[in-house]
Amino acid sequence: MDANEEVLAPASILVSAGRQPRLPGSGVNAPLEFSSTYHADGPVDYARAGNPTWTAFEQALGAIEGGSALVFSSGMAAIAAALSVAPALSVAPAGVNPVSVPPAPSGEPHPAVIVAPHHAYSGTGAILESFEQAGRAILRRVDISDTAAVIAALDGADVLWAESPTNPMLEVADLPRIFEAARAVGAVACCDNTFATPLVQQPLSLGADIVVHSVTKYLAGHSDVILGATITADSDHGRRLHEALIHHRLLHGAIAGPMETWLALRGMRTMHLRVERSSANATVLAARLQGHPAVQKVRYPGFGSIIAIEVHGGLQGAETVAAQVRLWTHATSLGGVESLIERRGRHPSEPSTVPENLLRLSVGVEDVEDLWRDLGAALACLTPSG
Ligand SMILES: *Cc1c(COP(=O)(O)O)cnc(C)c1O
């Protein structure tokens, strides 16, 4: 199908990309190959460098995101790789902003200036802080939905890290404008597209240089694997980033297991159906929650399957709702077929700006009336009549 991919709709790409050549008797699905080494003199010698199951997955993900994909052992491994290679490939002229960038002691590398959202995935926030503590980065945290603030912070920056919508506050960034501003200063623009999925937005087409995914979530979609990926543009700069990411994966060794990769590709075949249903469910639930007497505030960007609500009764009120649901599951994570609910403030790593009574809802593909009845019964515990 490769020659036709550009003209196919996303649903058709998800079903058809990364298939085997159509030879009589060959499998319709990619092989699940468990082999650490290969007969000498072929394209791959050793499986830390490549595996046919990875290749199939990477072809499919690259086709749906519009670039070249690499699979990693987790979303965090992909994020760590992107943050490690991006500063060196920034084309920002050093010392553009000498006021805020202290001079590096002679002989030491200049720390990367990284602009990142206040509200990002908590692991991303934590790794950025560890880079800062190690002297590898100078962080500028911004409200990613405040375009003027992002553009101002980009002066002299090496890397822009974007997440939109953000976790768990669901702020939405003006991605084309901030990516353009990153390009203007020579910064590498990275975008975590886990929440949105490539069905909602394709950041490479909006000007990003590196897209990262926690494949664990919507792409794999069944809460049964942990996996990550990077995708880079098919431009000269994108290819340099891709080569640097391949090198990083080979040397640091955060490689994906063939079984996980195969399951993720199997999950991706139905992502459009799952996301279509879970988004439709979320739209109905967000509208009903808006008028609910136990709910103070509903955050829903108008697309996607994540809703954040703030409930009456503070921290305890939120814990009560999470404990009372029966069809929904009280658990962290998102993007699976099953609906999950979680009070985000229970994680010490969550920024203090995330309200303690905020519940994140990852809406699944169950029947929407069953979901509403169950959530409604849990919320009724917070109102006097309930
Ligand atoms: C879960 C998640 C990650 C981390 O991915 P893992 O696969 O758990 O390592 C990164 N970013 C976002 C937005 C996530 O939701």
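The values are calculated or read from the model by the stated rules, or taken from the named source; none is laboratory data. From a predicted model like this one, the values you see are computed outputs, not experimental measurements. We place every Cβ from the backbone using ideal geometry, glycine too, and count neighbours over all the protein chains shown.
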Quiz item: So, of the residues in region 132-175 that are in contact with a helix residue (DSSP H, G or I) (Cβ under 7 Å, 6 or more places away or on another chain) and in a helix (DSSP H, G or I), which turns out to be farthest from Ala81 (Cα to Cα)?
Solution: Thr147
Quiz prompt | Residues located in region 264-305, provided they are over 18 Å from the mean Cα position of the chain (by Cα), in a helix (DSSP H, G or I) and of a type in the set (A, V, I, L, M) | solution = Leu273, Ala280, Ala282, Val284, Leu285, Ala286, Ala287, Leu289
Exercise. Considering (1) in a loop (DSSP other than H, G, I, E, B); (2) modelled with pLDDT of 95 or more, say which one Ala81 fails and leave the rest.
Key: (1)
Quiz prompt | Residue among Val96, Val101 that alone is assigned by TED's automatic domain parsing to the domain that holds Thr124, modelled with pLDDT under 95 and surrounded by fewer than 18 Cβ atoms within 10 Å (Cβ to Cβ) | solution = Val96
Quiz item: In region 218-228, is there at least one residue being in contact (Cβ under 8 Å) with a residue 12 or more places away in the chain, in contact with a strand residue (DSSP E or B) (Cβ under 9 Å, 6 or more places away or on another chain) and away from the ligand (no atom under 13 Å from the Cβ)?
Solution: no
Exercise. Return only the number of the condition from (1) closer than 18 Å to Ser279 by Cβ; (2) buried (at least 20 other Cβ atoms within 10 Å of the Cβ); (3) of a type outside the set (Lys, Arg); (4) more than 11 Å from the ligand (Cβ to nearest atom) that Ala189 does not satisfy.
Key: (1)
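From the list Gly335, Gly314, exactly one residue is within 16 Å of the ligand (Cβ to nearest atom) and in contact (Cβ under 8 Å) with a residue 24 or more places away in the chain. Which is it?
Exactly one residue qualifies, and that residue is Gly335.
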Quiz item: Can you name the condition, by its number, that Tyr300 falls short on among (1) within 19 Å of Trp372 (Cβ to Cβ); (2) assigned by TED's automatic domain parsing to the domain that holds Asn167; (3) of a type in the set (Phe, Trp, Tyr)?
Solution: (2)
